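Structure first, then comments.
The values are calculated or read from the model by the stated rules, or taken from the named source; none is laboratory data. This structure is a prediction, so every number in the text was calculated from the model and none was measured. Here the Cβ is made from the backbone with ideal geometry for all residues, glycine too, and neighbour counts use every protein chain on show.
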Amino acid sequence: MLYPRTLIVISFLFAGIILLSQACNNKSKEGAIPDKISYNFDVRPILSDKCYACHGPDANKRKAELRLDIQDSAYAPLKETKGAFALVPGKPEESEVFKRVSSTDPTYQMPIPESHLGALTEYEVGVIKKWIKQGAKYEKHWAFSTPVKPALPEVENKKWVKNEIDYFVARQMEIDINEINFETYASGPKRCTPLSRTVCLIHVFFDELFEDISFPARNSVTSLVTIVLHFLQFILRYFTSN
């Protein structure tokens, strides 16, 4: 049985692994683009971070008389670019928003480099493109929308679930497990896919850790020091090889 102090140390190390893994691989939190894009949950955060500073509700800072937070304005012809539209539902290639956020030309790209807002990531550009392709539909803020009960997802292990929430938990767990490349254990965590990177890192770390520490020794002070040294060595080896 592990002493409370040992459990505390292991808990901190466990949390550290997750935080370091996520910090060193931002793509892992992005994952795959959803099948159905939601304006409120997928698009609004991107526009708020990257576009609203110049094309939002603040009239004093607004550029080109364009508001991307209002559907009517976003669909209307652009006043400074004849024949162009910020958004053309169903046609991202004809939408100035998509053309500009996906451009690498600093004289055409949005946000402009001088804004220091940073270019959109590949994932964010993909979300915008897919949203426009699906109709560029705006939604009322979620706080003012009538809640809609989602359908329960399909899960493989129906015996595990006890209530409706369990279905969603089980589904996400199954997705995480299916994302893991189990050949990782033969070649190291470098072969993990982005979505499973954190999961693989945790698995491999504890596999290596408990191979070297015998169970009777885990309650000793020496064991605590060994755990810390293993943690530092593993993290250093992992992140210098990726």
Can you work out which of the residues in segment 122-153 that are modelled with pLDDT of 95 or more and in a loop (DSSP other than H, G, I, E, B) is surrounded by the most Cβ atoms within 10 Å (Cβ to Cβ)? Ala136
Take the residues of segment 55-101 that are part of a loop (DSSP other than H, G, I, E, B) and among the polar types (S, T, N, Q): which is nearest to Arg44 (Cα to Cα)? Asn60
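Condition first: within 21 Å of Pro113 (Cα to Cα), more than 27 Å from the chain's Cα centre (by Cα) and at pLDDT below 90. Can you find one or more residues in segment 74-94 that meet it? Walk me through it before giving the result.
Quick first cut of segment 74-94, residues within 21 Å of Pro113 (Cα to Cα) only: 80-81, 86.
Adding the requirement that they be more than 27 Å from the chain's Cα centre (by Cα) leaves 80-81.
Narrowing further to those that are at pLDDT below 90: 80-81.
Within segment 74-94 (the criterion being within 21 Å of Pro113 (Cα to Cα), more than 27 Å from the chain's Cα centre (by Cα) and at pLDDT below 90), the answer is yes, since at least one residue qualifies.
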Just need a number here: residues in segment 154-173 that are acidic (Asp, Glu), loosely packed, with under 12 Cβ neighbours inside 10 Å and part of a helix (DSSP H, G or I). 1
